[in-house]
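Enquirer: Have a look at the structure that comes next, please.
What follows draws every value from the coordinates through simple rules; no lab data is involved. Everything quoted here is computed from the prediction, not taken from an experiment. Here Cβ is always computed from backbone atoms with ideal geometry, including for glycine, and neighbour counts include all displayed protein chains.
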Amino acid sequence: MRKGVGGYECVVITVTRRVQLTPEQIFAVIADGWSFAGWVVGAAHIRAVDSNWPAVGSRIHHSVGPWPLSIDDTTSVRAVEPGSMIELEARMWPVGSARVRITLRQVSPTETEIVFEEEASGGPLKLLPESAQAAFLRPRNVESLRRLTDIAAGRGSGAARG
């Protein structure tokens, strides 16, 4: 057990990635709520994004899972420091909910370290032992970071998008 995103003892799964992008390039993708399903593994469809996203309390209304078994739910912003950190509450009932913190640390003028922390905060997922949570969450979060940085790199390259 470790101190969780909310400061209490819990299982926190952490993945880290260094990329040749600025924190601003990466945060621009996070701040575009409509891109959420493009980089968050498991998010299948964005139904709506609050107009003040990513302000504290704002939400992305999404579907999770494959159609026709998808679940409609939301992800909300718990805390944000534009360009450097966002903390989210991701819901996917009846499976559960999770707190996610993405921290962007600039390590050189062109390199950023991304720290992605996730902890189950409710539902059956929270009852699983750390090894089981890690087996599920770590590969998913590694892939989510890969997708996030690919989108950010593509936006910065000036390449045509179709």
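Enquirer: Counting just the Cα atoms, what span does the chain cover along each of its three principal axes? Round to the nearest Å and put the largest first.
Expert: Rounded to whole Å, the extents work out to 44, 35, 27 Å.
Enquirer: Using the count of nearby Cβ atoms within 10 Å as a rough guide to exposure, how do Ile13, Ile26 rank from fewest to most?
Expert: In order of increasing Cβ crowding within 10 Å: Ile13, Ile26.
Enquirer: Assign unit charges at the C-beta atoms only (+1 for Lys and Arg, -1 for Asp and Glu), then state the dipole size of the chain relative to its Cα centre in Debye, rounded to the nearest 20.
Expert: 180
Enquirer: Still on this structure: Ala48 versus Gln106, label points 7 Å from Cα toward the beta carbon: distance in nm?
Expert: With each label point 7 Å from Cα toward Cβ, the separation is 3.7 nm.
Enquirer: Quick check: the distance between the Cα centres of region 86-147 and region 50-64, to the nearest angstrom?
Expert: Going from one Cα centre to the other spans 17 Å.
Enquirer: Please report, to one decimal in angstroms, the Kirkwood hydrodynamic radius of region 83-153 built from all distinct Cα-Cα pairs.
Expert: So the Kirkwood estimate lands at 13.3 Å.
Enquirer: A follow-up question, please. Sorting check: for 127-138, 142-153, which peptide has the highest mean count of neighbouring beta carbons within 10 Å, and how do the rest follow?
Expert: Averaged packing, sorted descending, gives the order 142-153, 127-138.
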